[in-house]
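Worksheet: one structure, shown below.
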């Protein structure tokens, strides 16, 4: 390997809807900010058509 791999965080999207206690928009925002602070350049934040919560969170970010 000649250079570091590109990492893509999927923590905010993958499986959140299946959790017993899914992350609230506020908690997602805290985690998003932490991932940005850690240096992630690609972050999958949700699937807007999956739920109103995901839609609202994505709209908040953009």
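Using all Cα-Cα distances in the chain, what percent lands in each 10 angstrom bin from 0 up to the longest?
21, 53, 19, 6, 0
Rank the residues 35, 12, 61 as a footprinting-exposure proxy: fewest other Cβ atoms within 10 Å of their Cβ go first.
In increasing order of surrounding Cβ atoms, one gets 61, 35, 12.
When the chain is modelled as a GNM with alpha-carbon springs shorter than 10 Å, which of 30, 20, 43 fluctuates the most?
Looking only at 30, 20, 43, the biggest GNM fluctuation is shown by 20.
With label points built 7 Å along Cα→Cβ from the Cα atoms of residue 29 and residue 3, find their separation and express it in nm.
Placing both labels 7 Å beyond Cα along the Cβ direction yields 3.5 nm.
Run the numbers on the chain and let me know its relative contact order in percent, using alpha-carbon pairs under 8 Å that are six or more apart.
In percent, rounded to a whole number, it is 39.
With axes computed from alpha carbons, what is the tilt in degrees of helix 52-61 against the longest principal axis of the chain, rounded to the nearest 10 within 0 to 90?
With both axes taken from Cα atoms, the answer is about 50 degrees.
Every number here is computed from the coordinates shown, using simple stated rules; none is lab data. Here the structure is a predicted model, which means the values were calculated and not measured. Note that we place each Cβ from the backbone using ideal geometry, even for glycine, and neighbour counts take in every protein chain shown.
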